[in-house]
Each structure stands twice: as C-alpha cells, then as structure tokens.
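Have a look at the structure below, then the notes.
The values are calculated or read from the model by the stated rules, or taken from the named source; none is laboratory data. Because the structure is predicted, anything quoted here is derived from the model rather than measured. FYI the Cβ positions are ideal-geometry reconstructions off the backbone, even for glycines, and counts take in every protein chain you see.
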Amino acid sequence: MINLIPAAKISSTALEAERTRMDILANNLANAQSIGQDGKVYHRKVAIFESVMDEQLGGDNLGGVKLTEIIPDSSRAPSKQYMPYHPEADEEGMVLTPNISPIEEMVDMMTATKAYEANLSIMKDSRSMADKTIDLLKS
C-alpha cells in the first residue's frame with residue numbers, strides 16, 4: 001500500500017507520545033503535594049521514548065516514536081518538611097514529600113503542549129498537500 005502522507009504517520013506517533021507525556025506530567029502535578037505514608041512517598045515519573053524505524057523501507061527511515069517505559073525519576077531524593085502535627089510525621093516531626101517541582105512540571109507541560117501543536121500542524125499540512133496532489137492528478 002502506498003502511503004501518500006508519510007509525515008502524518010510519523011506525526012501521529014508523536015501526538016500519541018506527547019499525549020502520554022502530558023498524562024504523566026498531570027499525574028506528577030496531582031501528586032506534588034502528597035505526603036508519604038509508612039515511609040513511602042510518590043516519586044516523579046518520567047517517560048522514555050525511542051525512535052521507530054520504518055521496516056517497510058529497509059529500516060533506514062524514521063517511522064515515528066514509541067514509548068519504551070515509564071520510570072521513576074531517581075535524580076532527586078524525596079524532601080522532608082517539618083510538620084510535627086501530621087499523622088505521618090516521624091519522631092523529629094519530619095514528613096516525606098515527593099521529589100516534584102511544580103514549576104518544572106509546568107515547563108515540561110508547556111513544552112509537551114507546543115510539541116503536540118507542532119505535530120498537529122504537520123498533520124494538517126500533510127493532509128492539505130495530499131489533497132492538492134489528488135486534485136492535480138484529477139485534472
């Protein structure tokens with residue numbers, strides 16, 4: 001089968017990847033202020049992506065992107081906050097809080113949103129070019 005819109009295929013995988021990334025970021029933001037229980041605390045999640053080669057053309061051409069895994073971010077340890085009256089506080093009055101910076105998550109969310117918008121624009125342009133090509137072939 002001939003693919004008239006190869007860029008659309010690649011962009012569609014990127015749209016799915018960015019949507020997944022935004023879901024993970026939203027989950028991180030939702031848990032930014034959560035308190036650890038029983039010594040366990042929420043860890044920031046990070047999506048790992050890889051490029052996919054187009055097997056139909058010998059594997060040398062990019063075919064998009066796919067989610068490889070979602071891993072906890074171990075670059076920062078959970079922080080401790082002084083909350084002596086909290087039920088999860090230790091003997092010193094400290095409570096574990098997630099290793100999440102809401103500002104960093106919002107910047108990542110804006111980046112993912114812009115990447116999503118750029119890929120959506122590519123999809124629209126690819127469709128427009130395919131429509132024009134079909135119109136030229138008709139005449």
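Report, ordered by the first and then the second residue, all pairs with beta carbons closer than 6 Å, sequence separation of six or more or different chains, a first member in the stretch 62-90 that is polar (S, T, N, Q), and a second member that is assigned to a strand (DSSP E or B).
Qualifying pairs under 6 Å: Thr68/Ile48; Thr68/Glu50; Ser79/Thr97; Gln81/Val95; Gln81/Thr97.
Considering the stretch 39-75 alone, what residues qualify as being on the phi > 0 side of the Ramachandran plot and either modelled with pLDDT under 75 or assigned to a helix (DSSP H, G or I) (or both)?
Gly39, Gly58, Gly59
Out of the stretch 112-136, which residues are surrounded by 14 or more Cβ atoms within 10 Å (Cβ to Cβ) and β-branched (Val, Ile, Thr)?
Thr113, Ile122
I'm told Lys80 meets every condition in (1) of a type outside the set (A, V, I, L, M); (2) at pLDDT 85 or above; (3) not in a strand (DSSP E or B) except one. Can you identify the failing condition by its number?
Looking at each condition in turn, Lys80 falls short on (3).
May I ask you to list the residues in the stretch 83-139 that are small (Gly, Ala, Ser) and within 30 Å of Arg21 (Cβ to Cβ)? Please lay out each step first, then the result.
Just the residues of the stretch 83-139 that are small (Gly, Ala, Ser), to begin with: 89, 93, 101, 112, 115, 118, 121, 126, 128, 130, 139.
Correct list: Ser101, Ala112, Ala115, Ala118, Ser121, Ser126, Ser128, Ala130.
If a residue must be under 25 Å from Ser126 (Cβ atoms) and surrounded by 15 or more Cβ atoms within 10 Å (Cβ to Cβ), how many such residues does the stretch 10-46 contain?
Residues meeting the conditions: 12.
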